[in-house]
Amino acid sequence: MRAISFFKNAVFYARSKNKVVYNNVVPLRINNGLSGKVILITGGTSGIGAFAVQSFSRYGGVKKVIFTGRKENNCTLPDAEFIRCDVRDSYCCDSVIKNIIERFGDIDILINNAGVYKDSNITSLSEEDYDSVLQTNYFGIKYMTKSFVKYADSAKKHKIINVLSIRSLTSGTDIYAMSKWAGYSYTLRTAKELLDRGFIVNGIAPGPTCSAINNVDLKGNVFNTAVRANYYLDPDQVVNLMWFLASDLSKGVNGQVISIDGGETLL
Ligand SMILES: NC(=O)c1ccc[n+]([C@@H]2O[C@H](COP(=O)([O-])OP(=O)(O)OC[C@H]3O[C@@H](n4cnc5c(N)ncnc54)[C@H](OP(=O)(O)O)[C@@H]3O)[C@@H](O)[C@H]2O)c1
């Protein structure tokens, strides 16, 4: 058997030797596939989302980066614009998507990043807070995605990147984990369903990252002692993975949730 296998491999190698096709090779350039793009990032006023807005608007050569949040934001970044929108409100999500597409012709990349974390003790968490986590972290993705599919130019290719969590991949039964599991499932389902309509859908599953969501600032000061990780990612590390998925460098990657956790899930 091993001799046959060796022979087959040798024949394959000999035949393919001079037939390597380089046409589709994507050279490594920082703004691959982002120049001239319109990007919508939900929850771009703080943490990971804010870093993404800065990174894409300063270095992406993009046409426009539009970002959302609940609180007002005075944006002074080049080629960036803030629109107030609570992602728990399906009408608001719909009108934001429609408005951007009417003004700029299309949205090329939707990054569903808005998210909240609430202490998950079921006996102390109010009904309102419990529902709000699910509404923001899961329904927010669903509302934005549905409207995006509804209004996007059907002749073009589009990308959706959902910011989930390692809690989407590991055990955990609190409402935050449940909302992220739902986001994980939704990412796979939409990738499959929208493949023939030109949408590429992937997810990012970060580990603990310096941001307001878990009370860690960029100097590494930890205000939340309940977080068990022994170090935190910088938001820009997560944004680098976002760049990869948003750009042509990730051609062929679809329906994947990629974790970036510094090894946290190995523990
Ligand atoms: N930091 C981590 O350790 C970590 C780990 C794994 C996953 N993540 C995920 O990464 C994403 C970004 O979180 P982050 O760490 O950057 O936290 P963050 O600094 O608290 O930022 C959260 C962003 O979401 C927005 N937001 C919250 N609720 C919203 C709503 N209902 N409608 C619209 N926008 C809303 C916030 O803006 P407003 O307050 O103005 O609404 C803010 O811009 C979240 O999905 C989070 O679950 C974070």
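Read the figures in this text as sums done on the coordinates, not as results from a lab. Just so we're clear, the structure is a prediction, and the values are computed from it rather than from any experiment. A quick note on method: Cβ atoms are made from the backbone with ideal geometry, for glycine too, and the neighbour counts reach across all protein chains shown.
Tabulated data for the structure shown
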| read-out | value |
| --- | --- |
| Label point distance in nm, Cys75-Ser124, each placed 7 Å from Cα along Cα→Cβ | 3.7 |
| Span per principal axis, largest first, for the Cα atoms of the range 34-258 (Å) | 49, 35, 34 |
| Where labels lie 7 Å past Cα in the beta-carbon direction, separation of Glu193 and Ser35 in nm | 3.6 |
| Dipole axis of the range 34-258 (+1 Lys, Arg; -1 Asp, Glu on Cβ), positive-most option in Gln54, Val253, Ser147 | Val253 |
| Relative contact order of the range 34-258, defined on C-alpha pairs under 8 angstrom at six or more residues apart (%) | 19 |
| Pairs beyond 31 Å (Cα-Cα), from Lys118/Lys251; Lys71/Lys142; Lys37/Lys192; Lys118/Lys157; Lys118/Lys156 | Lys118/Lys251; Lys118/Lys157; Lys118/Lys156 |
